[in-house]
Structure formats: structure tokens, C-alpha cells
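Only one structure is covered here, and it is reproduced in the block below.
The values are calculated or read from the model by the stated rules, or taken from the named source; none is laboratory data. All figures in this text were calculated on a predicted structure; none of them were measured in a lab. We place every Cβ from the backbone using ideal geometry, glycine too, and count neighbours over all the protein chains shown.
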Amino acid sequence: MAEKNALPVNVGIIMDGNGRWAKKRLLPRSAGHDAGMKRIVKLVRHAREAGIKYLTLYALSTENLSRPQEELDGLFALFRKYFEVYAPKLLSENAAVRTIGDISALPQDVAEKIAQVCSRSPRDPDFTVVFAVNYGSRAEIVRAANFAAELGGKMTEEGFARLLYTSDIPDPDLIIRTGGEIRLSNFMLWQAAYAELYFTDVLFPDFTDKHFDRALKEFAGRTRRFGKV
């Protein structure tokens, strides 16, 4: 029997369009990333108020690390600001901050700041924001496969899932991609097996709380069968 949707537990967002947002305004790409971070701050709060338990944000892919150093330096500066200014406020409100991906490739001070904040997260939060940083799903799956090979023996789907970065995070029920592209771009490929996908042309800095609510409303109107009739 098909299952009717309630509110998604975990919403993933591929935050695309910061650079194009800046280009349309004849601004440097860094201005687009800055506008995107400001949108993150407000969106995190709105998602929590809407009743979402996990919000997973694709903040930096493994492929993004090949971008010009000037752009990366700007992104790292924004990471410093977010984890120094905004993340501690979430912790004080019984929200957790998590990351998935290999943060060891980031500048040392950025990686240390992120790790410090995550380690201070409450053990029983009522909301969790997960940042995918230097994250690529294929690399994650290869990493898990190597762990599985070290363990030896046969591996079940459940056992393999426990070797992923998201071992204690629910799979996303809904994945939203802003910016007009219609693809997952190496984001949570294993975990998204039965996620509902929602694509919008709105560039991420312009993706308002109302746009987010519209995605939730469409999710609620879909029927999820999980392979059943």
C-alpha cells in the first residue's frame, strides 16, 4: 500500500546559483556566496520553525576545491564566519551542527573550528543542520567500500549504510535543487534512492522561505511507493 507523505524528516538542499546571482548584478562571485550564506542563516531558522528535524546543505563539493584560489579563500572566510558567529547560536538553542565529507582538506583553522563546533553539539537535539563540506557521494561510497573490504565477509545494505558519513542521519525524504539545473551533482547518491526530488529555477540567494514552503507543499502532495504498487 502506498504511503501518504507527512512533513519530511530530512530535507537536503543543493544550493546552486550563487555565482550566477552575482553575475546578473555585475558583482564578483564572492558577493553571490556572501548572499547565499545570509540566506542559509534565515533558511535554517525557518526550516526548524516549520518542523523539519534535519536540514542537509551541500555547501562545498569535492569538485569545488578545484575552483580559483581567490574564490576558495572567500568561501573559507564565510565558513569561518558561520561557524564562529551563527553556529554557536544554534548550539545554545539545543540544535546540533554536523558535517559530512572530508574537512581535513580545508585550511587547518577552518577544519579545527568546524570540528570544535560539531563536538559541542547537544546529544539529544530537536533540530540538526548538516553541512556537506568537501563532500562527494562517489568518494563517500568508495570510502565505505574500503572499510567494508577491511572488515571482510558479506555486507548487507544496512551494514554498508552504517559505513557512510550519514550512518546516524536519516536518509533525505526530499532533495531540493535551486538554480535551474536538473541533476544531483554527486550529492547523497546512496541516500537519495527514494528521495522526492524538487527542482526550481530560483537562484539560491533568492530562494525565500515561501519557496521552501512551496517545496514542502508539493512533497506533501506526492505519493511515495518505495517500489510497492
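With Val85, Val44 as the choices, which residue is farther than 26 Å from Ser137 by Cα and either in a helix (DSSP H, G or I) or free of Cβ contacts under 8 Å to residues at least 12 places away in the same chain (or both)?
Exactly one of Val85, Val44 is farther than 26 Å from Ser137 by Cα and either in a helix (DSSP H, G or I) or free of Cβ contacts under 8 Å to residues at least 12 places away in the same chain (or both), namely Val85.
Which fully enclosed strands (runs of 3 or more DSSP E) of the range 112-229 have 1 or more residues being modelled with pLDDT of 95 or more and of a type in the set (Lys, Arg)?
On the way: elements: 127-135, 174-177, 196-199.
It comes to 174-177.
The single condition among (1) part of a loop (DSSP other than H, G, I, E, B); (2) more than 16 Å from the chain's Cα centre (by Cα) that Asp73 does not meet is (1). Among the candidates Ile176, Ile169, Ile182, which residue alone is surrounded by fewer than 15 Cβ atoms within 10 Å (Cβ to Cβ), closer than 30 Å to Asp206 by Cβ and not basic (Lys, Arg)? The unique qualifying residue is Ile182.
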